[in-house]
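First the structure, in the form of structure tokens, and then the observations on it.
The values are calculated or read from the model by the stated rules, or taken from the named source; none is laboratory data. All values reported here derive from a predicted model rather than from experimental measurement. No Cβ is skipped: glycine too gets one built from the backbone with ideal geometry, and neighbour counts run over all protein chains shown.
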Amino acid sequence: MTTTAPTRQQILRLYRRYLSTSQSFSSYNFRTYFLRRSRDMFRSALLPASQATTSSPFSKAADITAPVVPSALVKASQPAGASPFSSSSSIAASVQHEEAPGTPEERLALFYERASKELDVLRRAAIVNRIYQGERLVVEEPRLIVGGGGSGAEASVGGGGQPV
């Protein structure tokens, strides 16, 4: 394989596109999941193994961040009919820095190619998510509660028997 490794600017551009696409999900849960997944995927694929396993401030893992690599990035090809959630392509069986064949430049070029394809899938998923968006969650739009009078703060938003 004689592919050229992507430059630092290309990798950063791809990372920013991942983050902006993840941010474009209308659903809070999908948005936060894909933001965390994108950060962890690039962290586990591009950093040295010693740094990639340290805790990420965006991950909910206690002490270590598991290598998060989408199923498309784990294997070059998957058998027809195989589930992407099967045990052979689980997160625990993801590509490690020492296990991947070839030079670091070849591994980086392969990661870039597969991550670009995965980004297209993520973009389509974000579009579908925006088409069928539901109501916004309470945690997405914090409202300022201003207390007034002797009834307490809950009376200002219709609680405590006060008319709305």
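Annotations
- Any hit, the stretch 87-109, residues being in a helix (DSSP H, G or I), farther than 29 Å from LEU46 by Cα, within 22 Å of the chain's Cα centre (by Cα) and modelled with pLDDT of 80 or more: no
- Test for ASP40: is it at pLDDT below 55, of a type outside the set (Lys, Arg) and out of contact with any Leu (no Cβ under 6 Å at 6 or more places or on another chain): no
- Residues satisfying the stated conditions in the stretch 119-145, i.e. charged (D, E, K, R) and either modelled with pLDDT of 95 or more or touching a His at 6+ places or on another chain (Cβ under 9 Å) (or both): ASP120, ARG123, ARG124
- Every pair of residues 6+ apart whose Cβ atoms lie under 6 Å, when the first sits in the stretch 1-29 and is outside any loop (DSSP other than H, G, I, E, B) while the second is loosely packed, with under 12 Cβ neighbours inside 10 Å and aromatic (Phe, Trp, Tyr): none
- Checklist (1) over 17 Å from ILE127 (Cβ atoms); (2) more than 12 Å from the chain's Cα centre (by Cα) applied to MET41, failing item: (2)
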